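One structure is given here, and the rest of the page talks about it.
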Amino acid sequence: MTEPLLDVRDLRVSLRRSGREVSVVDGVSLAIAPGEFVGLVGESGCGKSMTAFGLVNLFPTPAAHLAGGTVTFHGGRRLDGLPPAAMRRIRGAEIGMVFQDPNTYLDPLLPIGHQIAEALREHDFAGDVDARVLELLTLMEIPDPALAVRRFPHELSGGQRQRALIAAALAMNPKLLIADEPTTALDVTIQAAILDLLRRLRRQLGIGVLLITHDLGVIAETCDRVYVMYAGRIVESNTTASLFATPRHPYSQGLIKATLRPDRREALFSIPGQVPSPDSPPAGCRFHPRCPIAIAKCMGQSPELVSYDSGSVACHRAHDPAARTTWSASAA
């Protein structure tokens with residue numbers, strides 16, 4: 001078996017709120033093989049982005065921090081607990097990150113080429129920086145790269161800005177790319193082009209990719225495997241093909257049923273209720289208040305993540321054939 005490029009065990013992320021610790025990522029385990037395209041999917045508020053920030057210990061607020069677990073990267077190196085200076089050498093050089101809105105992460109006062117060059121200089125790129133910037137913009141299929149290097153972010157389209165952000169993330173040929181909702185702010189046509197670009201880059205560069213999204217349709221188009229996350233925990237994982245063919249968790253079934261499809265004629269489905277606040281998660285299975293097949297055991301006992309065939313699931317009724325007819329029949 002190939003050694004994982006990234007191996008995450010029991011990752012926990014907490015927020016300090018009003019003098020107490022609130023768990024936003026609660027025991028997440030996942031793995032990515034070299035060159036593998038893996039999806040992490042769930043509704044907003046499930047802890048997907050905080051999981052990504054926890055992997056590289058880069059949080060958007062000082063209130064967030066790693067509370068436990070291990071993160072092992074290429075060559076058996078532990079990233080959890082790594083000193084900040086050592087972690088900075090890995091971020092950007094060996095692990096690239098692409099975020100949802102390029103306008104948030106691109107400086108409006110600096111040309112695109114200058115910002116990509118900064119990523120190279122920060123990590124002591126040994127070659128010709130200007131030539132590498134042009135190479136990256138060409139790789140991203142941005143028209144007229146020699147002109148684009150001098151353009152400011154507002155002079156590029158939304159898709160071109162996102163491509164420039166991907167170029168900066170890939171500047172040092174990282175082994176892993178973490179893409180956190182990279183297409184959410186884009187229209188459908190540009191979204192498809194960016195996803196196609198990510199697939200091509202995975203094949204061309206041989207990098208591992210962790211794609212974080214709320215859209216299972218995006219997962220279906222791109223990923224080899226998928227982890228389904230709900231309320232800070234992984235509730236199901238499998239190959240993408242197997243998950244779509246036979247989802248075991250009611251939440252996975254609901255997400256699939258809610259996915260837009262061109263051949264669908266009925267009204268778009270929406271899972272009733274909402275993701276619970278991490279301040280006060282329900283006892284037992286965290287999905288039980290929204291679940292159509294919940295039983296008394298679900299309300300008092302948290303299900304363990306149990307392996308089966310090519311996947312794993314955390315549901316007390318996952319292996320009950322009668323329980324898989326509520327949503328899965330119409331979701332298929």
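Summary of values
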{"quantity": "Placed amide H near V306: partners under 5 Å, 5+ positions off or other chain", "calculated": "V313, A314, C315"}
{"quantity": "Aspartates and glutamates whose Cα lies under 15 Å from that of K48, excluding same-chain neighbours fewer than 8 positions away", "calculated": "D10, D26, D180, E181, D215, E236"}
{"quantity": "Two-decimal ratio, the chain, of alpha-carbon radius of gyration to 2.2 N^0.38 Å", "calculated": "1.03"}
{"quantity": "Per-residue HN-Hα couplings for region 209-225 [Karplus 6.51, -1.76, 1.60; θ = phi - 60°; Hz; x = Gly/Pro]", "calculated": "10, 10, 9, 9, 7, 9, 10, 5, x, 5, 4, 4, 7, 10, 9, 7, 9"}
{"quantity": "Stokes-Einstein D in µm²/s, Kirkwood radius over Cα pairs - region 109-172 at 10 °C with 1.306 mPa s viscosity", "calculated": "140"}
{"quantity": "Candidates S312, S237, S157, ranked by Gaussian network fluctuation over the chain, Cα under 10 Å, top entry", "calculated": "S157"}
{"quantity": "Rel. contact order, % - alpha carbon contacts under 8 angstrom, at least six apart, the chain", "calculated": "20"}
{"quantity": "Most mobile of L305, L109, L255 in a GNM of the chain (Cα contacts under 10 Å)", "calculated": "L109"}
{"quantity": "5 angstrom amide H check on D80, placed H, neighbours 5+ away", "calculated": "V71"}
{"quantity": "Placed amide H near V24: partners under 5 Å, 5+ positions off or other chain", "calculated": "V13, S14, L15"}
{"quantity": "Positive minus negative residues near I219 (Lys, Arg vs Asp, Glu; Cβ under 13 Å)", "calculated": "-2"}
{"quantity": "Residue range of the chain that is longest and free of trypsin sites (Lys or Arg not before Pro) which are both DSSP loop and sparsely packed (at most 15 other C-beta within 10 Å)", "calculated": "1-149"}
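Bear in mind these aren't lab numbers, they're just calculated from the coordinates by the rules spelled out. For clarity, every value in this text was computed on a predicted model and none was experimentally measured. Neighbour counts run over all protein chains shown; Cβ positions are idealised from the backbone, glycine included.
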